[in-house]
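Structure record follows, encoded as structure tokens.
The values are calculated or read from the model by the stated rules, or taken from the named source; none is laboratory data. Here the structure is a predicted model, which means the values were calculated and not measured. Here the Cβ positions follow ideal geometry from the backbone for every residue, glycine too, while neighbour counts run over all protein chains shown. Each accessible area value is taken on the protein alone, full model and side chains, heavy atoms only, with ligands, DNA and RNA left out. Shrake-Rupley method; radii C 1.70, N 1.55, O 1.52, S 1.80 Å.
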Amino acid sequence: MRFSSSQVAAQPNPEITLYMVQLRASQINGCSVCVDIHSRELEHAGESSERIHTVAAWREAPYFSDDERAALALAEALTRIADRSDP
């Protein structure tokens, strides 16, 4: 079951989405300092622990809107571009 955007938040919040994107890129890059910073930014912005803790598994987690999923997919693609033999 996935939640619609309106169920996740009354209005889209680009600041939250940016923090999620930064957190996901930090997780991929293995930067513990950055993961800590962006997790705390999300907490400070009022994000739920469920959403913060499942950013790494956003494809399987039901907590993200379609817009957030698109942003996270783009972040992963760009972060991993150098992992390909032909970026």
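Annotation note: Cβ proximity below 7 Å between a residue of segment 15-38 that is of a type in the set (K, R) and a residue that is surrounded by 15 or more Cβ atoms within 10 Å (Cβ to Cβ) and in a helix (DSSP H, G or I) (sequence gap 6+ or interchain) occurs for R24/V55; R24/L72; R24/A75; R24/E76.
Among the residues of segment 30-50, which ones are part of a helix (DSSP H, G or I) and either under 12 Å from F64 (Cβ atoms) or at pLDDT below 95 (or both)?
The initial filter retains those residues of segment 30-50 that are part of a helix (DSSP H, G or I), namely 32-44, 49-50.
The answer is E50, and nothing else.
Inside segment 62-87, residues that are open to solvent by 60 Å² or more (accessible area, probe 1.4 Å) and polar (S, T, N, Q) make up a count of 1. The lone criterion from (1) part of a helix (DSSP H, G or I); (2) at pLDDT below 95 left unmet by P12 is number (1).
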